[in-house]
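Asker: Here it is: the structure, laid out below.
The values are calculated or read from the model by the stated rules, or taken from the named source; none is laboratory data. Treat the numbers as computed from the prediction; the structure is a model and nothing was measured. Counting neighbours? That spans all protein chains shown, and the Cβs are built from the backbone with ideal geometry, glycine included.
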Amino acid sequence: MPQVGTVKQQDFKTCDQSSFCRRNRAYADRASADPNFVSPYMVKEDSVLLKDGLLSGELINSQNQHLFVFELHLLENSISRLRINEKSPLKPRYDEVKNFALARELPNTLNYTERPINTKDHDSLTKTSIYFGNKKQNMVVVHHSPFRIEFLVNDLPIVAFNDRGFFNFEHLRIKKQAKDNGDQTSDESSSEDAEDEYGSWEENFNGKRDSKPNGPESIALDISFPGFGHVYGIPEHASSFSLKETRGAEVGYSDPYRLYNLDVFEYELDNPMALYGSIPFMMAHRKSASAAILWLNSAETWIDIVKSKEDKHGLSSLLYFGKKLPTSTHTHWISESGIMDIFVFLGPTPADVFRQYGSVTGYTALPQYFSISYHQCRWNYIDQQDIDEVDLGFDTNEIPVDVLWLDIEHTDGKKYFTWDPAKFPDPKKMQNSLSVKGRKLVTIIDPHLKRDDGYYIYKESKELGILVKELNGNDFEGWCWPGSSSWIDYTNPAAREWWGSQFKLDKYQGATENLFVWNDMNEPSVFSGPEITMPKDIIHHNAWEHRNVHNVFGLLVHSATAQGLRNRTPISKRPFVLSRAFYVGTQRYGAIWTGDNMAKWSHLAASSPMLLSIGISGISFAGADVGGFFGDPDIELLVRWYQTGAFQPFFRAHSHIDTKRREPWLFGEPHTTRIRNAIRERYALLPYWYTVFQEASETGMPVIRPMFVVFPEDEETFEIEDQYFVGDSLLVKPIVTEGQTSTEIYLSNNEIYYDYFTFDPVRGSGRIKVDAPIEKFPVLLRGGSIIPRRQRIRQSSALMRLDPLTLLVGIDQNGEAKGSLYMDDGETYNYQNGDYIHRNLTYSSYSKLISTSFPISGDNTNFVKSIKDVRVERVIIIGLSKKPTKILAYHNDENNEVNNNQGLTFTWGQKDVLGTGVTFTNTNDQVLVIKDPKVLVWRDWTIEIVF
Ligand code: NOJ
């Protein structure tokens, strides 16, 4: 049950207070309660046509004869897409979100076989079945009467639409005169249509009126995942990773999960309430099958989830040899407006699903190298002297940092793109002095504009007519940080273009190339608006009401800003923009964070499931405010938070203006050392993190991976949300409980792992006890992995770019290991022309560690020139059973030993070799440390170990 917190529940709607949600839930209840209920939607016979991978046809609602058109696209890569709209709507329904959310429109596949159309099933009802996919392993069956669709993979049912008959498409209509002299309250249960219900044509919430000139226009559909006991995704919620039931269950919620980007003050944990971002993507997983759907709609959306044990599809015999009944998950999707546009990704592995989903919505943009290191933020660093002192504090305490952040108080009266002249008299000088140490500055640029004609951004945008409008045509006005404000209409391409141009260095006074951007409050947050956001009936570009575009608004702020940064220099550099609101496709533009969390252990714990949900939904570059935004963490919580944050993709400390200062050195010893070690460990591992990000940018594999993604056949992993992998080599279990000094970590099978800090082997399967004293947290290197590190920690990541590397090799039970190393210039797009290195590292049972190149698509001479002297300075091999007699290293092309014939220097049984300051006894002798093999990272080389 939701925790009691300070969130103002009454500020936000429940399903019951949102009329379209209430109507559709009531519709579902009627359908479920009536044994004779049959969905009224039918395929119009003779309308069905299959051509070029597209099955199209018409649907009729047999109750009111309203006509709809459907298109079922069979796409490449085991993807399918269903689109349904009214055949002749009174006016167009919103269908533009695809232009913002999708990276590309995939062509229909020609890889399908037609079965004779219109065969009869055993009830002599018509159905249309088509096999598709490379091996024709996928099948879609469209049942005509009533309309329902099933997707099967290798003849097993995977996804079913309208199985429970909740499909409901409210057609646009003309308002009838109120029947009872203006009394709009009518009996919902007697109404089969939305026509007369209270809330259909006007709605009030907390004294705010939604005028609803278009009346009811919601869409809803039930989507079942037969045989799948777990579904994941649909962020953003402070909820469990494996999603809970929302109706009728003892453990679960009473309201559906809600997707509606909102600024929720002091949000509660374990709650399906909407938060800052929305991704209507849901993934289902069971042994041997993964699938997902994307409900492409940017209006307010609610999702009910229930589970059942049933055998409707004969799954018990197909999955469990008749020995047990599988659990199935049934979901009900309800959106306020728009058309129905649903993608189905048929997997069958989790990696396939991520690749398929990314092929449509885009993969994580490869970030600037600095941006995956450590960020120091606070609301607010008050002036230039404060920034200088914080900057120096990191140096004196030997803690690296790449970015210092300025929150809203740095501006001149909350007018973004300006500086408070008294506090920040010389912003360029400030940025230049940071850049000497390789450090950057981020400033906050929010989308609300102070309505002050002396403010050039407001004045220009007003004159250009690119602000969001009231119904009467005036610029919309609401309240935010600067007081009375207006908002740019980012749905207008000209407005996005104009916004982007404001980041040009000759426009944004005081900015240098060393300045990056933070877009906050872009849900948008409107203090005076309904549910702290924009009224739904205000008007955007092309006369669309806000209700249609609400959830994509923040993405458009983010994308326009990112585009602006990309274009501000003659040679484009990768932008870094942090956004609070997000939507499908945000991963193409930058990072997000989980907003205003609290300095509480429970919030530290919640960061893992939240980031895992966001990660599998496409956005890998995400983090939570380290230390917690509201409140003052005690030092134990702060240390644990740093240790956790160092192993989450976006790593930034941040705190509210009313909190006590908490820069890492303010607590004295031994605490500073503990925080320092955590941050330095992040820097040591940057080559690994960057390599994992590169993989995410090409394959869609999340940077932090849930256990089920790594072990899809192990049912025990399906609910695990408190431990995860970074890439596929590091298993992390954050300590999120006060006073805890040991914990259990779940190992899926009898692989070997090594304690990352002590190199001690950890064996077994199931729940294994591991030590976690405050100096240390459970990080295990998976046997069979090779990961790149850098041992020399400097003031910033930029200063470490040419440092030599250390390779950490943990061999598996077969005496083997593999890994990779990706490097490029870390800031430009030259990698897109092949200017990078990508090394394939293998350690074979023949005792050779070999580096070869993965195929490079292009010319990498420039980058190679820039790193020509970067070498491997150390190799640590864990898990060998005996001490070598000699070790040789050579570049393969010359067959030429780099070192002398006597071989390389090495030690056996070294302690504390990672130099993290952790002073644990290494009880494992079997650690080989090879000193300075001098092989160059860009060349092919071999290190041969002779026993
Ligand atoms: C709300 C953001 O979530 C928070 O991080 C920021 O510090 C404040 N706005 C002030 O800008």
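Asker: Enumerate the strands (runs of 3 or more DSSP E) found wholly within the range 270-323, keeping only those where 1 or more residues are of a type in the set (S, T, N, Q).
Answerer: The strands (runs of 3 or more DSSP E) meeting that bar are 289-295, 301-309.
Asker: Which of the residues belonging to the range 586-608 are surrounded by 24 or more Cβ atoms within 10 Å (Cβ to Cβ) and not aliphatic (A, V, I, L, M)?
Answerer: 586, 587, 589, 590, 593, 594, 597, 603, 607, 608
Asker: Please work out which residue is nearest to the chain's Cα centre (by Cα), limiting yourself to the range 557-614 and to residues that are within 15 Å of the ligand (Cβ to nearest atom) and of a type in the set (D, E, K, R).
Answerer: Going through the qualifying residues, I end up with 580.
Asker: Limited to the range 158-183, what total is found for residues that are in a strand (DSSP E or B) and at pLDDT 95 or above?
Answerer: Total meeting the criteria: 6.
Asker: Conditions: (1) in a loop (DSSP other than H, G, I, E, B); (2) closer than 25 Å to residue 450 by Cβ; (3) out of contact with any helix residue (DSSP H, G or I) (no Cβ under 6 Å at 6 or more places or on another chain); (4) away from the ligand (no atom under 16 Å from the Cβ). Residue 527 meets all but one. Number of the miss?
Answerer: Condition (4) is where residue 527 drops out.
Asker: Take the residues in the range 371-388 that are of a type in the set (Ser, Thr, Tyr) and in a loop (DSSP other than H, G, I, E, B), then tell me which one is nearest to the ligand (Cβ to nearest atom).
Answerer: For the range 371-388, the residue satisfying everything is 381.
Asker: Moving on to the next point. Which one of these does residue 367 not meet: (1) in contact (Cβ under 8 Å) with a residue 60 or more places away in the chain; (2) assigned to a helix (DSSP H, G or I); (3) farther than 16 Å from residue 646 by Cβ?
Answerer: Among (1) in contact (Cβ under 8 Å) with a residue 60 or more places away in the chain; (2) assigned to a helix (DSSP H, G or I); (3) farther than 16 Å from residue 646 by Cβ, the lone unmet condition for residue 367 is (2).
Asker: Name the pairs: first residue in the range 690-701 and touching a residue at least 60 places away in the same chain (Cβ under 8 Å), second residue among the charged types (D, E, K, R), Cβ to Cβ under 6 Å, at least 6 apart or on different chains?
Answerer: From the range 690-701, the pairs are 699/355; 700/355; 701/695.
Asker: Does residue 487 fit the bill of being in contact with a Pro (Cβ under 8 Å, 6 or more places away or on another chain), in contact (Cβ under 8 Å) with a residue 24 or more places away in the chain and within 19 Å of residue 512 (Cα to Cα)?
Answerer: So residue 487 does not fit the description; no.
One line per residue, one yes/no per condition, for (1) surrounded by fewer than 17 Cβ atoms within 10 Å (Cβ to Cβ); (2) farther than 17 Å from residue 610 by Cβ; (3) in contact (Cβ under 8 Å) with a residue 40 or more places away in the chain; (4) in contact with a Pro (Cβ under 8 Å, 6 or more places away or on another chain):
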position	(1), (2), (3), (4)
706	no, no, yes, no
709	no, no, yes, yes
712	no, yes, yes, yes
719	yes, no, yes, no
724	no, no, yes, yes
732	no, no, yes, yes
739	yes, yes, yes, no
743	no, yes, no, yes
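Asker: So in the range 515-524, with the set limited to residues that are within 12 Å of residue 262 (Cβ to Cβ) and touching a strand residue (DSSP E or B) at 6+ places or on another chain (Cβ under 8 Å), which one is farthest from the ligand (Cβ to nearest atom)?
Answerer: 524
Asker: What about residue 127, is it of a type in the set (D, E, K, R) and over 30 Å from residue 617 (Cβ atoms)?
Answerer: Against the criterion (of a type in the set (D, E, K, R) and over 30 Å from residue 617 (Cβ atoms)), residue 127 qualifies.
Asker: What tally of residues in the range 796-824 results from selecting those that are acidic (Asp, Glu) and surrounded by 18 or more Cβ atoms within 10 Å (Cβ to Cβ)?
Answerer: Qualifying residue count, the range 796-824: 2.
Asker: Is it the case that some residue within the range 874-881 is buried (at least 16 other Cβ atoms within 10 Å of the Cβ) and free of Cβ contacts under 8 Å to residues at least 60 places away in the same chain?
Answerer: no
Asker: Report the residue count in the range 72-98 for those that are surrounded by fewer than 15 Cβ atoms within 10 Å (Cβ to Cβ) and touching a Ser or Thr at 6+ places or on another chain (Cβ under 9 Å).
Answerer: Number satisfying all stated conditions: 0.
Asker: While we're looking at this one, here's another question. Does residue 853 fit the bill of being modelled with pLDDT under 95 and hydroxyl-bearing (Ser, Thr, Tyr)?
Answerer: In short, no.
Asker: Within the range 786-795, take every residue that is in contact with a Ser or Thr (Cβ under 9 Å, 6 or more places away or on another chain) and surrounded by fewer than 24 Cβ atoms within 10 Å (Cβ to Cβ) and give me the one that is nearest to residue 685 (Cα to Cα).
Answerer: Looking at residues that are in contact with a Ser or Thr (Cβ under 9 Å, 6 or more places away or on another chain) and surrounded by fewer than 24 Cβ atoms within 10 Å (Cβ to Cβ), I get 789.
Asker: A follow-up question, please. Just name the residue that is farthest from residue 717 (Cα to Cα) out of those in the range 239-269 that are out of contact with any Gly (no Cβ under 9 Å at 6 or more places or on another chain) and outside any loop (DSSP other than H, G, I, E, B).
Answerer: Only one residue fits best here, namely 258.
Asker: Scan the strands (runs of 3 or more DSSP E) fully inside the range 415-505 and keep the ones with 2 or more residues being farther than 22 Å from residue 591 by Cβ and within 16 Å of the ligand (Cβ to nearest atom).
Answerer: 448-450, 478-480, 483-487
Condition check ((1) without any contact (Cβ under 8 Å) to a residue 40 or more places away in the chain; (2) surrounded by fewer than 24 Cβ atoms within 10 Å (Cβ to Cβ); (3) of a type in the set (Lys, Arg)) across all residues:
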{"residue": "612", "(1), (2), (3)": "no, no, no"}
{"residue": "619", "(1), (2), (3)": "no, no, no"}
{"residue": "622", "(1), (2), (3)": "yes, no, no"}
{"residue": "628", "(1), (2), (3)": "yes, no, no"}
{"residue": "645", "(1), (2), (3)": "yes, no, no"}
{"residue": "663", "(1), (2), (3)": "no, yes, no"}
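Asker: Given 441, 471, 404, which one is at pLDDT below 95 and either within 30 Å of residue 800 (Cα to Cα) or outside the structural domain of residue 384 (by TED's automatic domain parsing) (or both)?
Answerer: 471
Asker: Quick one: count up the residues across the range 638-664 that are farther than 30 Å from residue 295 by Cβ, away from the ligand (no atom under 16 Å from the Cβ) and in contact with a Phe, Trp or Tyr (Cβ under 6 Å, 6 or more places away or on another chain).
Answerer: Residues meeting the conditions: 1.
Asker: Please work out which residue is nearest to residue 280 (Cα to Cα), limiting yourself to the range 99-113 and to residues that are in contact with a strand residue (DSSP E or B) (Cβ under 8 Å, 6 or more places away or on another chain) and surrounded by 12 or more Cβ atoms within 10 Å (Cβ to Cβ).
Answerer: Ranking the qualifying residues of the range 99-113, first place goes to 106.
Asker: Related question: Would you pick out the residues in the range 133-163 that are among the charged types (D, E, K, R) and surrounded by fewer than 20 Cβ atoms within 10 Å (Cβ to Cβ)?
Answerer: Hits for the range 133-163 are 135, 136, 155.
Asker: Something else about it: Which is at pLDDT 95 or above and of a type in the set (Asp, Glu), of 45, 71, 76?
Answerer: Result: 71 is the single residue among 45, 71, 76 that is at pLDDT 95 or above and of a type in the set (Asp, Glu).
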